[in-house]
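A short write-up of the structure that comes next.
The values are calculated or read from the model by the stated rules, or taken from the named source; none is laboratory data. From a predicted model like this one, the values you see are computed outputs, not experimental measurements. Here Cβ is always computed from backbone atoms with ideal geometry, including for glycine, and neighbour counts include all displayed protein chains.
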Amino acid sequence: MARTRSENYDEIQRGILTTACGLFARQGYMRASIADLADACKLSRGALYHYFDSKEAILFAILDAHIREMIADVEVAMAGKATVLEQFRAAIQAIVALNARSSDEQRVILNDLSFLGETEQDAIKALERQIVDTVSDLLVKLDKEGKIVKRTKKIYSMMLFGILNFSHTWYDPKGGIDPGEFADMVVDLFLYGFTMPVPAKDAARPLRQRA
């Protein structure tokens, strides 16, 4: 006989994912046992399996939800932006904002993705490629010097994502630079370089008010 779902099933399931993500980020996926998860979630092992079939299923759900949220945030941020530069800046701002409030998810996706099965890894990587392709296409459109060609497109794209994806190891969103300003700094540094002045049209607005 199939189990019936409780009224707060979805809420408990989300709570498991949040707790598990924090545990994986602190302890590492491989070192965190099902018993550790059950204790952290204040559930029995049997109750935990009522919500997820396995520890791997929990890891996949964490990563899948995180990347899908990023895709949705980027799409919403870019909607209605008139220029490619505005779309690019909005996309980077959305990614930085999500990463700033999801440092545990960032640690887990960078450190523990390889522990998923091949099919699940491929599914997560396909979602990641959607984000990379969106940003890469914007970079190509912004490239007025012809620097981005087939041979260099991936390099330029991953240099940018290297800045974004590893900022959780040192960047404090509660410090003196908030996520919006940090995102603008990333865009300006990547597009214009450290010593090259920002084009006048873009520099006319205060940093936080740029697209």
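Below are the figures for this structure:
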read-out	value
Qualifying residue in segment 76-88 (condition: within 13 Å of the chain's Cα centre (by Cα) and crowded, with 19+ Cβ neighbours inside 10 Å)	no
Of residues in segment 26-44 being farther than 13 Å from Ile58 by Cβ and assigned to a helix (DSSP H, G or I), the one nearest to the chain's Cα centre (by Cα)	Arg26
Subset tally (residues that are free of Cβ contacts under 8 Å to residues at least 24 places away in the same chain and surrounded by 15 or more Cβ atoms within 10 Å (Cβ to Cβ)) for segment 12-35	3
Evaluation of Ile58 against (1) among the aliphatic types (A, V, I, L, M); (2) in a helix (DSSP H, G or I); (3) surrounded by fewer than 17 Cβ atoms within 10 Å (Cβ to Cβ) (one fails), failing number	(3)
Some residue of segment 166-182 being crowded, with 18+ Cβ neighbours inside 10 Å and of a type in the set (Lys, Arg)	no
Criterion (within 25 Å of the chain's Cα centre (by Cα), at pLDDT 95 or above, over 15 Å from Ala123 (Cβ atoms) and not aliphatic (A, V, I, L, M)) met by exactly one of Glu56, Glu69	Glu69
Tally, over segment 124-170, of residues that are free of Cβ contacts under 8 Å to residues at least 12 places away in the same chain, in contact with a Phe, Trp or Tyr (Cβ under 9 Å, 6 or more places away or on another chain) and hydroxyl-bearing (Ser, Thr, Tyr)	0
Segment 73-110, residues that are within 23 Å of Lys141 (Cβ to Cβ) and acidic (Asp, Glu)	Asp73, Glu75, Glu86
All positions within segment 93-132 that are more than 30 Å from Asp172 (Cβ to Cβ) and in a helix (DSSP H, G or I)	Glu118, Thr119, Glu120, Gln121, Asp122, Ala123, Ala126
Condition met for Asp73 (in contact with a Leu (Cβ under 6 Å, 6 or more places away or on another chain), in a helix (DSSP H, G or I) and touching a residue at least 24 places away in the same chain (Cβ under 8 Å))	yes
Scope segment 85-114; condition closer than 21 Å to Leu23 by Cβ and in contact with an Asp or Glu (Cβ under 7 Å, 6 or more places away or on another chain); matching residues	Leu98
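Yes/no matrix, rows are residues, columns are (1) touching an Asp or Glu at 6+ places or on another chain (Cβ under 7 Å); (2) at pLDDT below 95; (3) surrounded by 10 or more Cβ atoms within 10 Å (Cβ to Cβ):
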| position | (1), (2), (3) |
| --- | --- |
| Val132 | no, no, yes |
| Ile148 | no, yes, yes |
| Pro199 | no, yes, yes |
| Leu207 | yes, yes, yes |
